[in-house]
1. Hey, can you tell me all the residues within region 288-298 that are at pLDDT 85 or above and assigned to a loop (DSSP other than H, G, I, E, B)?
2. Which ones in region 65-95 are within 9 Å of the chain's Cα centre (by Cα) and part of a helix (DSSP H, G or I)?
3. Hey, can you tell me all the residues within region 235-259 that are open to solvent by less than 30 Å² (accessible area, probe 1.4 Å) and part of a helix (DSSP H, G or I)?
4. Restricting attention to region 1-48, which residues are modelled with pLDDT of 80 or more, assigned to a helix (DSSP H, G or I) and either open to solvent by 40 Å² or more (accessible area, probe 1.4 Å) or touching a strand residue (DSSP E or B) at 6+ places or on another chain (Cβ under 9 Å) (or both)?
5. The conditions are (1) among the small types (Gly, Ala, Ser); (2) outside any helix (DSSP H, G or I); (3) within 30 Å of Val58 (Cα to Cα), and Gly311 fails exactly one of them. Which is it?
6. Could you say whether any residue in region 268-276 is open to solvent by 70 Å² or more (accessible area, probe 1.4 Å) and assigned to a helix (DSSP H, G or I)?
7. Would you check which residues across region 314-344 are in contact (Cβ under 8 Å) with a residue 60 or more places away in the chain and outside any helix (DSSP H, G or I) and list them?
8. Would you confirm, using the coordinates I've provided, whether Thr301 is open to solvent by 40 Å² or more (accessible area, probe 1.4 Å), over 30 Å from Thr92 (Cβ atoms) and outside any helix (DSSP H, G or I)?
Amino acid sequence: MEDFPDMYQGKDPEDIESFQGERRKIIQPTSLKDPKLEKLKSVLVNWINSTLKEEHIVVQSLEEDIFDGLILHHLLGRLAGVLLSVEEIAVTSAAQTRKLEVILEALNEKLGLQDSSLSRWSVKLIHNKDLLATLHLLVAMVRCFQPNLELPPNVRVEVVLLEVNRSGIKSEKEIEILTDERLVNYFRLCCCVQLQLHVLQRRDSVSDSTTDSLSSSDSEDPIEQLLKLEPHKINTVKRAIMHFVNKKMSTLGLQVTDMEKQFSDGVILLLLIGQLEGFFVPLYDFNITPVNTTEMLQNVTVALDLLNDTGLPTTNIEPQDIVSQDVTATLKVLYALFKKHKSG
């Protein structure tokens with residue numbers, strides 16, 4: 001047995017013990033700087049963003065944006081026409097794991113993997129933001145669903161195969177192949193039947209999931225519960241709600257990129273309510289270009305009154321909260337709208 005490799009020096013022992021008794025592959029830090037690997041990551045990011053462009057979903061980091069299942073869920077729907085009854089917003093680790101289990105089961109079936117134990121990815125690895133497993137999965141999806149997409153050829157990385165036990169870590173180095181031209185025909189052969197079905201079954205648009213992760217089994221105030229969690233979990237919810245908002249506002253040529261700031265003057269909030277509820281808010285009822293706090297407060301007050309009239313109580317939210325860009329108040333309003341209209 002060897003001491004911990006350099007990449008694990010100073011790590012929290014609990015992080016290392018999380019996969020004690022398992023064999024795990026870690027990409028060597030030097031390989032992470034390989035231009036071929038960087039090119040592959042860039043191509044995959046661009047492919048995802050191009051595929052999900054109509055859904056206003058933007059991926060910036062494979063490591064940070066894939067782990068919770070949101071992107072994989074939408075890719076599966078867009079590429080394979082598979083609509084799963086899974087949570088749109090998975091907040092907790094347990095909810096994300098449950099969601100990934102359903103998604104990867106469906107993906108493995110479409111990829112022709114009868115035995116999931118033979119795949120180079122798993123629910124645990126994807127959820128743990130394992131870059132190697134994530135790359136293997138995405139490459140397999142490209143080979144299956146879009147085989148004509150040109151991936152950088154012969155991308156290989158040096159990995160350390162780790163086996164952890166109480167006395168330390170046993171490590172071995174080896175070369176892992178991410179893209180190899182010899183595998184292209186194999187993927188095409190495995191997926192040709194599925195691809196024909198995808199063409200026949202694919203719909204013009206993929207509806208939003210009718211289930212959300214902030215279920216009735218959680219706290220009665222899911223946003224308050226959410227904001228007690230880690231920042232990346234808050235961002236997961238924001239990302240899904242922003243996708244919902246932008247999908248609804250696209251017909252008006254509007255896009256939201258800063259949730260708190262852009263809703264603070266009440267204008268986009270009023271337009272969104274009108275879009276969702278199916279009515280036109282007369283321009284004389286609010287200030288279309290508010291120039292001061294008073295006009296912004298007037299707009300938000302009208303918006304909250306409209307929400308109350310449509311059956312969405314906002315008794316715990318003050319107009320000043322929205323105007324002051326309070327994240328809790330803004331999320332409560334948008335989540336209430338999302339929950340009511342997500343399947344529309």
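1. Matches in region 288-298: Pro290, Asn292.
2. Asp65, Leu70, Ile71, Leu72, His73, His74 - these are the residues of region 65-95 that are within 9 Å of the chain's Cα centre (by Cα) and part of a helix (DSSP H, G or I).
3. If the condition is that a residue be open to solvent by less than 30 Å² (accessible area, probe 1.4 Å) and part of a helix (DSSP H, G or I), then Thr236, Val237, Ala240, Ile241, His243, Phe244, Val245, Asn246, Met249, Met259 are the ones that fit.
4. Hits for region 1-48 are Pro29, Thr30, Ser31, Leu32, Pro35, Lys36, Leu37, Glu38, Lys39, Leu40, Ser42, Asn46.
5. Among (1) among the small types (Gly, Ala, Ser); (2) outside any helix (DSSP H, G or I); (3) within 30 Å of Val58 (Cα to Cα), the lone unmet condition for Gly311 is (3).
6. Yes, there is a match, as at least one residue in region 268-276 is open to solvent by 70 Å² or more (accessible area, probe 1.4 Å) and assigned to a helix (DSSP H, G or I).
7. Ser324, Gln325, Asp326, Lys342, Ser343, Gly344
8. no
The values are calculated or read from the model by the stated rules, or taken from the named source; none is laboratory data. Predicted model only: the values in this text are computed from it and were never measured. So basically every Cβ, Gly included, is an ideal-geometry build from the backbone, and we count neighbours across all protein chains shown. What goes into the accessible areas is simple: the full protein's heavy atoms, side chains included, and nothing from ligands, DNA or RNA. Shrake-Rupley method; radii C 1.70, N 1.55, O 1.52, S 1.80 Å.
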